[in-house]
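Remarks on the structure that follows.
The values are calculated or read from the model by the stated rules, or taken from the named source; none is laboratory data. Fair warning: this is a prediction, and the values are worked out from it, not measured in the lab. Positions of Cβ are generated from backbone atoms using ideal geometry, with glycine treated the same way; all protein chains shown enter the neighbour counts. Ligands, DNA and RNA are excluded from the accessible area calculation, which covers all protein heavy atoms including side chains. Shrake-Rupley method; radii C 1.70, N 1.55, O 1.52, S 1.80 Å.
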Amino acid sequence: MNNDINKALEVLKSGGVILYPTDTIWGIGCDATNADAVKRVYEIKQREDCKAMLVLMENPNRLNSYVDEVPEIAWELIEANDKPMTLIYPGAKNLAPNLINSDGTIGIRITNEEFTQNLIQRFKKPIVSTSANISGDPSPANFSEINEELKELVDYVVEYRQDDFEKASASSIIKIGVGGEIQILRK
């Protein structure tokens, strides 16, 4: 795993795109603060850049660096949650402008998966995480279901967990309003 992290770090630091395992399904990722890298992820996915992508962080203590004000309900949800959950926060900041929704929101998931936690901790910045598929195609439940063409379009394909055939599923998605109101978008 350490060798994979080192190679992925090189690619992320140079503005490249990786294909990697997450705490949910396999993802396409890049430096979430690099607008050119984010643009390339949109191109690889053949996705309109007005469609949101989320970012992964390894530690909730870093949220204040990327969100103007973290509502109290977010801390409660993070603490109580026992499975992957993406929270959509108002007031995104310090991220690539083409990653932030037109309404100023950003989806962030705190990962509990060993590889992504270590990668993000060493990278010292959040990374984009969007499903490893062409826009409109089904999301792959494991590495074996990822389109071969997609694998050719990224700069590095992580080897760790390629032989894991367990069926993964996407995270829940909850949108948090400025006043702390919540809206469940996906269970």
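Taken one residue at a time, the phi angles of the stretch 108-124 give Karplus couplings (6.51, -1.76, 1.60, θ = phi - 60°) of 10, 10, 8, 7, 10, 8, 4, 4, 5, 4, 5, 4, 5, 4, 6, 6, 6 Hz. Gly and Pro are set to x. Comparing ASN98, ASN112, ASN147 in a Gaussian network model of the chain where C-alpha atoms under 10 Å apart are linked, the largest mean-square fluctuation is found at ASN147. Excluding ligands, DNA and RNA, the accessible surface per residue across the stretch 1-97 is 45 Å² with a 1.4 Å probe. For the chain, set up a GNM with springs between Cα atoms under 10 Å and report which of GLU159, GLU48, GLU113 has the largest fluctuation. Result: GLU48 has the largest fluctuation of those listed.
Ranking TYR156, ALA141, VAL38 by Cα position along the charge dipole of the chain, where only Lys, Arg, Asp and Glu carry charges on their C-beta atoms, puts VAL38 farthest toward the positive end. When each of the peptides 128-140, 13-25 is scored by the mean number of other C-beta atoms lying within 10 Å of its residues, the order from highest to lowest reads 13-25, 128-140. Compute the Cα gyration tensor for the stretch 85-187, then decide on rounded, prolate or oblate, letting a ≥ b ≥ c be the square roots of its eigenvalues: rounded whenever a/c is under 1.5, prolate when a/b is larger than b/c in the other cases, and oblate in all that remain. Prolate is the answer for the stretch 85-187, as a/c is 1.5 or above and a/b outweighs b/c.
Under the classification rounded if a/c is under 1.5, otherwise prolate if a/b is larger than b/c and oblate if not, where does the stretch 1-49 fall, given a ≥ b ≥ c as square roots of the Cα gyration tensor eigenvalues? It comes out oblate by the Cα gyration axes. If you take every residue apart from THR22 with its C-beta less than 9 Å away from the C-beta of THR22, what net charge results, scoring Lys and Arg +1 and Asp and Glu -1? It works out to a net charge of -1. Straight-line reach from LYS83: taking Cα to Cα under 17 Å and skipping same-chain neighbours fewer than 8 places apart, the aspartates and glutamates in range are ASP23, GLU58, GLU113, GLU114, GLU166. The calculated 222 nm mean residue ellipticity attributable to helices in the chain amounts to -7500 deg cm²/dmol, summing -39500 (n - 2.57) over DSSP H runs of n ≥ 4 and dividing by all residues. Put a plus charge on the Cβ of each Lys and Arg, a minus charge on the Cβ of each Asp and Glu, and nothing anywhere else: the dipole of the chain about its Cα centre is then about 320 debye. Kindly identify the stretch 135-187 as rounded, prolate or oblate by the Cα gyration tensor criterion: order the square roots of the eigenvalues as a ≥ b ≥ c, call it rounded if a/c is under 1.5, otherwise compare a/b with b/c, prolate if a/b is larger, else oblate. Taking the square roots of the gyration eigenvalues as a ≥ b ≥ c, the stretch 135-187 is prolate.
Take the solvent-accessible surface of the protein heavy atoms, probe 1.4 Å, and return the percent of it on the chain that carbon and sulfur atoms account for. Exposed carbon and sulfur together represent 45 percent of the surface.
Tell me which lysines have Cα within less than 26 Å of LYS39's Cα, excluding those fewer than 8 residues away on the same chain? Answer for LYS39, where 26 Å is the Cα cut-off: LYS7, LYS13, LYS51, LYS93, LYS124, LYS125, LYS151, LYS175, listed by chain and number.
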